[in-house]
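A.B. asks: Before I ask anything, here is the structure I am working with.
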Amino acid sequence: MARPTLLILTLLLAACVPQSAGSAASVTHIGERPALAGKQPAAVLPADAGLPVLPPASCPVTREPDTLFVPPAPYSRYPYPGEFWYGSPALWTALPGNGAWSALPHDESGYSQKLFWWRDGYDWQAEPKPALMVTTLRLDAQVATQPQTDATNGWNADTQSFMLIGGDFPTAGCWQVTGRYGNDELSYVVWISP
């Protein structure tokens, strides 16, 4: 009777030993958004090598407010895990709780992030190419960017109708992102981690 128990205990302990550096491992992060086509997480870009992973005190990232924004029905009360809703019924988005986007897909042209936006009454079927424009501004360095206007749409049971646009960030650092839809505008600051 003692041998089967010892064998099971040995197998359980062996399963707890970390894999060696050379072995393959698959990690899935809850709430992680899929990469944009053509860009894959890789080594840190040379220009970004000295930047910290978490936002420094000099970057005024948008933090979760004391009074949380709750989207109107039928939208979900909660965004992806680790994020919070930010905005108003006119225009809102989901932001990272720690103020940083890390492990973003990137290549020699910079980093990419899918930027999701919502507004009360937006119908993804009625407006497949939403009139959404997004501008980005690096706050801690001068970096040239172009307004992004090629928005698309989407729908899922949790978040209902949403607008989606690819955000391109030439470098890591402290970035202000501003979304405009008609007369409504929403800005926030996020740290793009190298």
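The values are calculated or read from the model by the stated rules, or taken from the named source; none is laboratory data. These numbers were taken from a predicted model, which means no experiment stands behind them. FYI the Cβ positions are ideal-geometry reconstructions off the backbone, even for glycines, and counts take in every protein chain you see.
A.B. asks: What residue, among those in the stretch 54-84 that are without any contact (Cβ under 8 Å) to a residue 40 or more places away in the chain and among the small types (Gly, Ala, Ser), is nearest to Trp124 (Cα to Cα)?
C.D. replies: For the stretch 54-84, the residue satisfying everything is Ala73.
A.B. asks: Another question, then. Which residues, taken from the stretch 85-123, are surrounded by 15 or more Cβ atoms within 10 Å (Cβ to Cβ), more than 11 Å from the chain's Cα centre (by Cα) and in a strand (DSSP E or B)?
C.D. replies: Result: Trp85, Tyr86, Gly87, Leu91, Trp92, His106, Gly110, Tyr111, Trp117, Trp118.
A.B. asks: Being within 20 Å of Val53 (Cα to Cα) and modelled with pLDDT of 95 or more, is that true of even one residue in the stretch 102-109?
C.D. replies: No, the stretch 102-109 has no match at all.
A.B. asks: Right, something else. Taking the stretch 129-155 only, how many residues are of a type in the set (Lys, Arg) and either surrounded by 14 or more Cβ atoms within 10 Å (Cβ to Cβ) or under 18 Å from Val189 (Cα atoms) (or both)?
C.D. replies: 1
A.B. asks: Mind listing whichever residues of the stretch 156-194 are among the acidic types (Asp, Glu) and crowded, with 17+ Cβ neighbours inside 10 Å?
C.D. replies: Asp168
A.B. asks: What number of residues within the stretch 89-119 satisfy the criterion of being closer than 16 Å to Gln160 by Cα and touching a residue at least 24 places away in the same chain (Cβ under 8 Å)?
C.D. replies: Final tally of qualifying residues: 10.
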